[in-house]
Structure formats: structure tokens, C-alpha cells
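Any read-out appearing in this document is the output of simple, stated calculations on the displayed coordinates, not a laboratory observation. This is a predicted model, so every value here is computed, not measured. Cβ coordinates were reconstructed from backbone atoms using ideal geometry, including for glycine residues, and neighbour counts include every protein chain displayed.
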Amino acid sequence: MARFKLDPNNLPALTEEQSARLNTMTDADITAAAKADADNPPLTTDEMARMEAASTVRRVRARTGLSQGTFAKRYRISVGRLRDLEQGRTKADSALLAYLAVIDREPEAVNRALG
């Protein structure tokens, strides 16, 4: 098995043939093709929620420029919980998502409040 890391700044382009084929597909065709792909089944609603939460957690932490350990310590979040959230193993509850939104928008206020 080969490992591949997708570079978000250099995404692979579709060929003209691939693009034309994709443009002729309906949503039903795309869904049917996804369901038929045994190597890449469609995500469940819970999996999608975990991925969205993971993306939010990673984005907020990245904006602070802090490592997982430093971010967890500064904002009093278990480093294990933070790691699990960022890797999509668990889903953040609404209170944690709200806390992350405040950290993202007003980090100085959170730092003052936490002393």
C-alpha cells in the first residue's frame, strides 16, 4: 500500500474527458456510483459530523499557531480529547463547539478570563 498526501494548494486536475463525464452525471448517478464503490463507501451522517467537527477544531487551533499540547493546556481541554477530535475519532458537543468559536473570535478575552 502506498501512502499519498493530498496537497490542498496543488489539487489534481480532471482531464477534459473526466470533466465531461462528470458534468453529464445527475445527483442520482453520482450517489449510485459512490454506493457501488466498495473501496470508498459514502460517509454516514455521523461520520460527516465528526469530519466537520474535526475540521473546525483543527482550523481554530491552527489559527492560534499553538501545538496540540499547548492549545489544550492554555484552553483547559484534555490533550487526548483534542487529539481524538482533530482525528475525527470523536465528535465535539455543542458546548465545546461554542467554546471553540469564542476562542477563534476572541482569544484575548478567553485568555483574560482563564487568567
Let's test this: bin the Cα-Cα distances of the chain at 5 Å from zero up to the farthest pair and state each bin's percent.
2, 10, 14, 16, 15, 12, 10, 9, 7, 4, 1, 0
Please give the charge dipole size of segment 1-45, origin at the Cα centre, charges +1 on K and R Cβ atoms and -1 on D and E Cβ atoms. Round to the nearest 20 debye.
200 debye
Separation of segment 43-115 and segment 1-19 by C-alpha centroid, Å?
29 Å
Dividing the helical contributions, -39500 (n - 2.57) per DSSP H run of n ≥ 4, by the residues of the chain yields a 222 nm value, nearest 500 deg cm²/dmol, of -19000 deg cm²/dmol
Can you compute 3J(HN,Hα) from phi for each residue in segment 100-115, using the Karplus curve 6.51 cos²θ - 1.76 cosθ + 1.60 with θ = phi - 60°, rounded to whole Hz and x for Gly and Pro?
5, 5, 5, 4, 5, 8, 9, x, 5, 5, 5, 4, 5, 5, 7, x
Sorting LEU66, LEU22 on the 10 Å Cβ count, fewest up front, what's the list?
LEU22, LEU66
Within a 10 angstrom radius of the beta carbon, how do TYR75, TYR99 rank from fewest other beta carbons to most?
TYR99, TYR75
Over the chain, what is the relative contact order in percent, taking alpha-carbon pairs closer than 8 angstrom and at least six residues apart?
22 percent
What longest region of the chain stays clear of trypsin sites (Lys or Arg not before Pro) that DSSP places outside H, G, I, E and B and that have at most 16 other Cβ atoms within 10 Å?
6-75
Extension gain (nm, one decimal) between ALA49 and VAL79, 0.36 nm per residue minus Cα-Cα
8.7 nm
Can you list residues from other chains, or at least 5 along the same chain, whose modelled amide H is less than 5 Å from the amide H of THR90?
LEU85
With +1 at each Lys and Arg Cβ and -1 at each Asp and Glu Cβ, the charge dipole magnitude of the chain around its Cα centre, to the nearest 20 debye, comes out at 920 debye
With the charge dipole of the chain built from beta-carbon charges (+1 for Lys and Arg, -1 for Asp and Glu) about the Cα centre, the Cα from PHE4, VAL110, ALA32 projecting farthest to the positive end belongs to VAL110
